[in-house]
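Heads up: the structure comes next, in structure tokens.
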Amino acid sequence: MVSRSSEVEEALKAGRPVVALESTVIAHGLPVPHNLETAIGCEEEVRSIGALPATMAIVGGEPIIGLDKDRLRELATREDVVKVNPANLAMTLARGQWGATTVAASLLLAERAGIEVFATGGIGGVHRGAAQSFDISADLAALARHRVVTVCAGAKAILDLSATIEVLETLGVPVIGYGTSELPAFYSRSSGIGLDCRADSPREVAAIVRAHRALGTGTGVLVVVPPPAEAEVPADEIAVSIEAALQEAARQAISGKAVTPFLLDFVARHTAGRSLRANIALLRNNARVAAGIAGELKARQSGRHPGQE
Ligand code: PSU
Ligand code: MN
């Protein structure tokens, strides 16, 4: 059902750590040329920790796990790439289209491909005003459906973060603060929302993941990592830009799949690129943390204990 690159295939067979990476952030989340640069940068971060990156997308109706550079470049520049979630994945495949996978679609494909760890920037969640619009990202349902560890900087700050945390709890998805006891707010290190669970190393995360898996619930685990301090935009500073973005989206009646890309782009322009720099820095940072966690999970499975040798 999914086509794994030979490199990914071999790594999985050999029990080496692999990190899945999404592609909506490339096709719809970041502007050219930052999108391709960042996609390559994230892959390099994963490799620098000794894991293999597997960026995924739909290429002419075929789900590819581990895009090569040429396809990555094409994905970053084509105008006709569908934003794919689990609801329109089948359509994209049947029509032979190009598709960029959101967190939700990436989790589905990662699980099918046998990849345990996935990295993104910020997950989708409950939109502000969801009580009227019912706009709740498919990412939340997918986190509950797939047995994959997702590493992110929290949910995107354009969302209703406390409602998002409530839904994750309802769905039974553990949320682990990585080096923090507070939910990060994507562009900002702090949200004011406390977390029950904190881990300070890949080993601590892996222990919780193993305990969770042993329960057999089949749900995923969410690891939330604060953005690097030097790149963050403090919450009170970004709030003005988010407010302006939400007002403009309402004025233009932006809806459905277009909402998140519209808001991210508006905030990037309103902050003169500051939010974009934060977004790029946190994507790379999350890829690195994910690679560490993937390594730790594989080390335990194979009986190797890094750091204890
Ligand atoms: N992280 C980023 N930028 C992005 C995304 C994540 O730093 O653009 C994407 C992810 O693919 C996520 C999607 O699944 O935004 C959420 O879209 P929606 O809110 O429409 O579900
Ligand atoms: Mn939505």
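The values are calculated or read from the model by the stated rules, or taken from the named source; none is laboratory data. As the structure is a prediction and not an experimental result, all values here were calculated from the model. All Cβ positions, even for glycine, are placed from backbone atoms using ideal geometry, and neighbour counts span all protein chains on display. What goes into the accessible areas is simple: the full protein's heavy atoms, side chains included, and nothing from ligands, DNA or RNA. Shrake-Rupley method; radii C 1.70, N 1.55, O 1.52, S 1.80 Å.
Annotations
- Using 0.36 nm per residue and subtracting the Cα-Cα separation, the extra length available between Arg95 and Asp68 on full extension is 7.5 nm.
- Split the accessible area of segment 3-302 by element, probe 1.4 Å, and carbon with sulfur accounts for 51%.
- Rounded if a/c under 1.5, otherwise prolate or oblate - segment 85-151, Cα gyration tensor axes: oblate
- Highest-first arrangement of 282-295, 92-105, where packing means the average Cβ count within 10 Å: 282-295, 92-105
- Range of Cα positions in the chain per principal axis (Å), largest first: 56, 44, 34
- Put a dot 7 Å past the Cα of Ala211, heading toward its Cβ, do the same for Arg300, and the two dots end up 1.0 nm apart.
- Accessible surface, per residue, of segment 240-309 when the full set of protein chains is kept, probe 1.4 Å, Å²: 48 Å²
- Per-residue extension of 0.36 nm, minus the Cα-Cα distance of Glu248 and Ala229, leaves a gain of 3.9 nm for this segment.
- Between segment 186-230 and segment 239-268, the Cα center-to-center distance that results, in Å: 28 Å
- For segment 53-128, the solvent-accessible area works out to 33 Å² per residue, with a probe of 1.4 Å and every protein chain left in place.
- Those lysines that a straight Cα-Cα span of less than 25 Å connects to Lys156, excepting residues fewer than 8 apart in one chain: Lys83, Lys257
- Count Lys and Arg as plus one, Asp and Glu as minus one, and take only other residues whose Cβ is under 11 Å from that of Gly154; the net charge is then +1.
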